[in-house]
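A.B. asks: Just passing along the structure, written as structure tokens.
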Amino acid sequence: MAERKINPILKQALELGPTILFFLIYMRIKDDSFTLAGTEYSGFIVAALILVPLLLASTVVLWLLTGTISRMQIFVAVMVIFFGGLTAWFNDERFFKMKTTIVYGTFAVILGIGLLRGKSLLQWVMAEALPMKPEGWMILTRRLAAMFAALAVANEIIWRTQSTELWVKLETFAMPAALFLFLMVNFMALQRFMIEPDAEEK
């Protein structure tokens with residue numbers, strides 16, 4: 001099904017809103033503790049649990065408005081629900097922090113498996129939105145697989161050695177910004193492989 005176009009600002013708000021709200025809620029209650037059903041939870045865990053319905057709601061609204069939902073969005077939603085559940089069940093914030101490692105690590109492995117088979121799975125996902133020659137897709141896929149692997153390693157180092165507050169800030173802003181800048185730089189560097197619409201029609 002073709003994706004229905006919606007206001008790009010609204011789309012960005014729905015995609016980024018839950019993470020930003022998680023950050024704001026955490027900063028508000030980070031020093032508090034809450035007792036639920038006889039169990040005491042930290043502010044971080046409560047904020048993580050609030051993120052789950054927020055993310056699900058935004059994903060459903062995006063689906064209703066656009067008529068489609070990406071495999072990446074589904075995967076991230078499943079990971080948030082799964083690790084959010086483990087975090088609450090074991091009352092251990094480490095599970096939620098590991099989520100980021102597993103998400104980035106899984107992306108790196110999936111792209112890497114495709115590369116080992118001589119294919120760009122990134123091209124399969126994004127070819128319609130970004131027409132590019134196969135050589136360009138292979139270069140971008142190799143670089144992005146390495147970037148995802150680097151982010152997974154960075155997350156492991158950060159959450160194991162730094163404070164929860166620093167991890168939340170880096171998880172919310174620094175890592176997505178690093179990935180965004182990485183993609184922008186590579187798209188510009190790979191311009192020679194881009195296929196112009198007129199050339200594609202011919």
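A.B. asks: Please pick out the residue among Leu10, Leu62 that is in contact with a Leu (Cβ under 6 Å, 6 or more places away or on another chain) and closer than 30 Å to Glu128 by Cα.
C.D. replies: Leu62
A.B. asks: Within the stretch 27-63, can you find the residues that are assigned to a loop (DSSP other than H, G, I, E, B) and in contact with a helix residue (DSSP H, G or I) (Cβ under 6 Å, 6 or more places away or on another chain)?
C.D. replies: Lys30, Asp32
A.B. asks: Taking the stretch 129-178 on its own, how many of its residues are in contact (Cβ under 8 Å) with a residue 12 or more places away in the chain and among the polar types (S, T, N, Q)?
C.D. replies: 4
A.B. asks: Can you tell me which residue among Arg4, Arg71, Arg94 is surrounded by fewer than 17 Cβ atoms within 10 Å (Cβ to Cβ) and under 23 Å from Thr161 (Cα atoms)?
C.D. replies: Arg94
Yes/no per residue for (1) assigned by TED's automatic domain parsing to the domain that holds Val46; (2) crowded, with 19+ Cβ neighbours inside 10 Å; (3) under 29 Å from Lys5 (Cβ atoms):
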site	(1), (2), (3)
Gly84	yes, yes, no
Leu121	no, no, yes
Thr141	no, yes, yes
Phe148	no, yes, yes
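A.B. asks: For the structure I just gave you, tell me whether Ile157 is exposed (fewer than 14 other Cβ atoms within 10 Å of the Cβ), more than 16 Å from the chain's Cα centre (by Cα) and over 27 Å from Lys11 (Cβ atoms).
C.D. replies: It is true that Ile157 is exposed (fewer than 14 other Cβ atoms within 10 Å of the Cβ), more than 16 Å from the chain's Cα centre (by Cα) and over 27 Å from Lys11 (Cβ atoms).
A.B. asks: For the stretch 180-190, enumerate the residues that are surrounded by 13 or more Cβ atoms within 10 Å (Cβ to Cβ), modelled with pLDDT under 95 and part of a helix (DSSP H, G or I).
C.D. replies: Passing the criteria: Leu183, Asn186, Phe187, Ala189.
A.B. asks: Considering only the stretch 1-25, how many residues are acidic (Asp, Glu), in a helix (DSSP H, G or I) and more than 23 Å from Pro53 (Cβ to Cβ)?
C.D. replies: Qualifying residue count, the stretch 1-25: 0.
A.B. asks: Same structure again: Within the stretch 73-101, take every residue that is in contact (Cβ under 8 Å) with a residue 40 or more places away in the chain and of a type in the set (A, V, I, L, M) and give me the one that is nearest to Ser33 (Cα to Cα).
C.D. replies: In this case the residue turns out to be Ala88.
A.B. asks: Here's another thing I want to ask about it. Report yes if Thr106 is outside the structural domain of Met147 (by TED's automatic domain parsing), polar (S, T, N, Q) and either modelled with pLDDT under 95 or in a helix (DSSP H, G or I) (or both), otherwise no.
C.D. replies: So Thr106 fails the test.
A.B. asks: Here's a follow-up. Of all residues in the stretch 64-77, which are more than 21 Å from Phe107 (Cα to Cα) and in a helix (DSSP H, G or I)?
C.D. replies: Across the stretch 64-77, the qualifying residues are Leu64, Leu65, Thr66.
A.B. asks: Keeping to the stretch 82-103, report how many residues are more than 24 Å from Ala154 (Cβ to Cβ) and in a helix (DSSP H, G or I).
C.D. replies: Residues that pass the stated criteria total 4.
A.B. asks: Still on this model: Those residues that are small (Gly, Ala, Ser) and farther than 19 Å from Val80 by Cα, I need them from the stretch 101-120; list them, please.
C.D. replies: Listed by number, the residues that qualify are Gly112, Gly114, Gly118, Ser120.
The values are calculated or read from the model by the stated rules, or taken from the named source; none is laboratory data. Given the structure is predicted, the values throughout are model-derived calculations rather than measurements. With ideal geometry, Cβ positions are generated from the backbone for all residues, glycine too; neighbour counts draw on all protein chains shown.
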